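Quick notes on the structure that follows.
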Amino acid sequence: MSTVTPPAAVIAARLAALRAQLAHDGLAGFVVPLTDEHMSEYVGEYAQRLAWLTGFGGSAGSAAVLHARAAMFTDGRYTVQVRGQVPGELFEYQDVPATSAAQWLAEHALAGQRIGYDAWLHTRAWAAGTQTLLAAKGAELVAVTANPIDAVWRDRPAPSLAPIELHEDAYAGRSHADKRADVAAWLQARHADAVVIAALDSIAWLLNIRGRDVARTPVALAFVVVHADASVDLFTAPEKITAAVRAHLSAQVRIHARDQFEPTLRAMAGKAVVADPQSCVAAIFGALAAGGARISEARDPCVLPRAIKNPVEIAGTTAAHVRDGAALTRFLAWFDREAPRGGLDELNAAERLRQFRAETNSLEDLSFDTISAAGPNAALPHYRVSDDTNLPIGQDSIYLVDSGGQYRDGTTDVTRTLVVGTPTPEMQDRFTRVLKGHIALAQAIFPAGTRGVQLDALARQHLWQAGLDYAHGTGHGVGSYLSVHEGPQRIAAAWSAQPGGDEPLQPGMILSNEPGYYKQGAYGIRIENLVLVEQRDVPGAERAMMGFKALTLAPIDRRLVDVGLLTHDERAWWNDYHARVAAEIGPLLTDDADQAWLAQACASL
């Protein structure tokens, strides 16, 4: 998981090479997003163009390059990180959503200039909006036939050819035939002939397959077209198809080489074809239009049923969280013994945690690169440790660890904030305010139809009372042995740059509950559990009510709690939660020292 940020001279040479290529292509500028042909958040190494060009290691951002200037665009999660990784003498730092690459280009482009973009890496709406902005300046947005970065990235990795893997019905809870039938019924209700599915996690969910093509996310590079008769055309590299996969998919799933996807779209003349404008890139819409298809826009029909976990998936993720919680608890006990002695740093602590998870003998992968952050690095919400940034874990300091595992039966994501030595009163105050917000959200009872945006303030209220806040969402969806960030549900403030806060929550959805506080240059705090939305039986209720059940089971550091700031109900929540942790995790610990540590960590406040 260790990475090294390229020196500024290397970044400068790459930027110069790109500018030379743009001049050769007759372009005055180019936009570089962090995504792939599937509009993925996490992408394969072959698609890491933004990181190669700029040195940026975050999971969300973009860059815009002109002949005389360039800019890097990130949101509040990466305000500090981007300045430590991307050379300021080469790229201006721009804050999203206050501005965007499109707005910046419209401000700085000159009349008559041609600005390039890769239509396989942007949505149709983005292209239309950017074209409108540039046209007002007399400039033009041009779709390139080949990405100019690929022409100058000499050692660019090839897309993964790892074999597709089966996701057994025993884990999925439904056969892919059943899922395909539901999509076919959805098409028939819309009088449509076919739907294009581009999102990799939707394809994995629909066909009950998984893959190894994207680090930390078990998906396979592919496109799918589902037809109204429930048959499917799957486009992927032939090398990825094994005999077992072919037998699993059956004759109803026709397999084609990936390079046949665009010609197939261009051959759908007269067909009524549905495409999701969020996950289908501009090039997909362009190919359909060029071929004469009758296009309509609608959300990918796999998105909502994928998010609402069925009973088998719920049982699986529950088991995965108990297993993962035991591994994390072993780490917490180990950390408490080792950290005061000195010698720990961010990298070796993260590696030890990975080993504890691996010792379950069920770990397929981590669910994301562990955020192992000591002292001031913990103030970076999405920090990624590298050889360049690795800090020792010092005495009387905070260590934040945000981590998770991919297991066949579930995906985990958990953050714990730990103190080594003695915390300051300020640390305890901030931690307790974050804890109070976490508890408020955990205890929330809300009516059916409630959206995440309506709940977000519960987690922030106690920070707001002290004039404090955090610049990230409070909760994201999580998949079932799929992406650790899954939509459409989300708990976020209305100003959040990321969509999903307006999706009604439904029983079976999994979300994170992760308020935080970050003091730049000093320390950071976050408490994260995954929770399951479930129905609540409220006596006298006149409408259906819902609440959250904690899936994550691991102790929260009591040494950072100012008990005097907690109400009676908040202390009761703490004690009930930790009693459950002790009851479910304790039997899985075989070491006497770990059991004694857990008993102390879970003692009543």
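Check off (1) surrounded by 16 or more Cβ atoms within 10 Å (Cβ to Cβ); (2) touching a residue at least 24 places away in the same chain (Cβ under 8 Å); (3) not in a helix (DSSP H, G or I) for Ile295 and give me the number that stays unchecked. Going through (1) surrounded by 16 or more Cβ atoms within 10 Å (Cβ to Cβ); (2) touching a residue at least 24 places away in the same chain (Cβ under 8 Å); (3) not in a helix (DSSP H, G or I) one by one, Ile295 breaks only (2). Candidates Ala172, Ala125, Ala135, Ala158: the one that is under 24 Å from Ala228 (Cβ atoms) and modelled with pLDDT of 95 or more is Ala172. For region 446-459, taking the residues that are out of contact with any His (no Cβ under 8 Å at 6 or more places or on another chain) and under 23 Å from Ser59 (Cβ atoms), the one that is most open to solvent (accessible area, probe 1.4 Å) is identified as Val453.
If I filter region 258-266 for residues that are more than 26 Å from His176 (Cα to Cα), in contact with a Gly (Cβ under 7 Å, 6 or more places away or on another chain) and not hydrophobic (A, V, I, L, M, F, W, C), do I get at least one hit? Yes, some residue in region 258-266 is more than 26 Å from His176 (Cα to Cα), in contact with a Gly (Cβ under 7 Å, 6 or more places away or on another chain) and not hydrophobic (A, V, I, L, M, F, W, C). Restricting to region 395-429, give me the number of residues that are assigned to a loop (DSSP other than H, G, I, E, B) and in contact (Cβ under 8 Å) with a residue 40 or more places away in the chain. Result for region 395-429: 8. From the list Leu166, Leu161, the lone residue that is of a type in the set (A, V, I, L, M), under 25 Å from the mean Cα position of the chain (by Cα) and farther than 23 Å from Glu37 by Cβ is Leu166.
Only one of the listed residues (Arg323, Arg337) is open to solvent by 40 Å² or more (accessible area, probe 1.4 Å), in contact (Cβ under 8 Å) with a residue 40 or more places away in the chain and closer than 28 Å to Pro488 by Cα. That residue is Arg323. Within region 352-363, if we keep just the residues that are within 16 Å of Val414 (Cα to Cα) and aliphatic (A, V, I, L, M), the residue that is most open to solvent (accessible area, probe 1.4 Å) turns out to be Leu363. For region 182-197, residues that are touching a Phe, Trp or Tyr at 6+ places or on another chain (Cβ under 9 Å) and farther than 16 Å from Val253 by Cα total 1.
No other residue among Ala289, Ala315, Ala349 is among the aliphatic types (A, V, I, L, M), assigned to a helix (DSSP H, G or I), open to solvent by less than 50 Å² (accessible area, probe 1.4 Å) and out of contact with any Cys (no Cβ under 8 Å at 6 or more places or on another chain) apart from Ala349. Applying the criterion of at least 1 residues that are open to solvent by 20 Å² or more (accessible area, probe 1.4 Å), under 18 Å from Val281 (Cβ atoms) and without any contact (Cβ under 8 Å) to a residue 12 or more places away in the chain to the strands (runs of 3 or more DSSP E) found wholly in region 30-132 leaves an empty list.
Output the residues belonging to region 238-275 that are assigned to a loop (DSSP other than H, G, I, E, B) and under 19 Å from Ala192 (Cβ atoms). Once the filter is applied, which keeps residues that are assigned to a loop (DSSP other than H, G, I, E, B) and under 19 Å from Ala192 (Cβ atoms), region 238-275 yields Gln252, Ala267, Met268, Ala269, Gly270, Lys271.
Among the residues of region 185-220, those identified as surrounded by fewer than 20 Cβ atoms within 10 Å (Cβ to Cβ) and either assigned to a helix (DSSP H, G or I) or free of Cβ contacts under 8 Å to residues at least 40 places away in the same chain (or both) are Ala185, Trp186, Gln188, Ala189. Among the residues of this structure, Arg490 counts as one that is of a type in the set (D, E, K, R), part of a strand (DSSP E or B) and modelled with pLDDT of 95 or more. Would it be correct to say that Ala471 is modelled with pLDDT under 95, open to solvent by 10 Å² or more (accessible area, probe 1.4 Å) and either among the aliphatic types (A, V, I, L, M) or touching a Phe, Trp or Tyr at 6+ places or on another chain (Cβ under 9 Å) (or both)? When the stated conditions are applied, Ala471 passes them.
Take the conditions (1) of a type in the set (A, V, I, L, M, F, W, C); (2) under 26 Å from Asp36 (Cα atoms); (3) open to solvent by 20 Å² or more (accessible area, probe 1.4 Å); Ala177 misses just one of them, which is (2).
Can you tell which of Arg354, Arg341, Arg337 is under 22 Å from the mean Cα position of the chain (by Cα) and of a type in the set (Lys, Arg)? When all the criteria are applied, what remains is Arg354.
Glu364 satisfies every condition listed in (1) part of a loop (DSSP other than H, G, I, E, B); (2) within 24 Å of Met509 (Cβ to Cβ); (3) touching a strand residue (DSSP E or B) at 6+ places or on another chain (Cβ under 6 Å); (4) of a type outside the set (Phe, Trp, Tyr) except (1).
Let me spell it out: the conditions are (1) open to solvent by less than 20 Å² (accessible area, probe 1.4 Å); (2) among the acidic types (Asp, Glu); (3) over 29 Å from the mean Cα position of the chain (by Cα), and Asp276 meets all of them except one. Which number is the exception? Unmet condition: (3).
The values are calculated or read from the model by the stated rules, or taken from the named source; none is laboratory data. Keep in mind that this is a model prediction, so the values were computed, not measured. Because the Cβ atoms are built from the backbone with ideal geometry, glycine has one as well, and the counts that use them run over all protein chains shown. Ligands, DNA and RNA are excluded from the accessible area calculation, which covers all protein heavy atoms including side chains. Shrake-Rupley method; radii C 1.70, N 1.55, O 1.52, S 1.80 Å.
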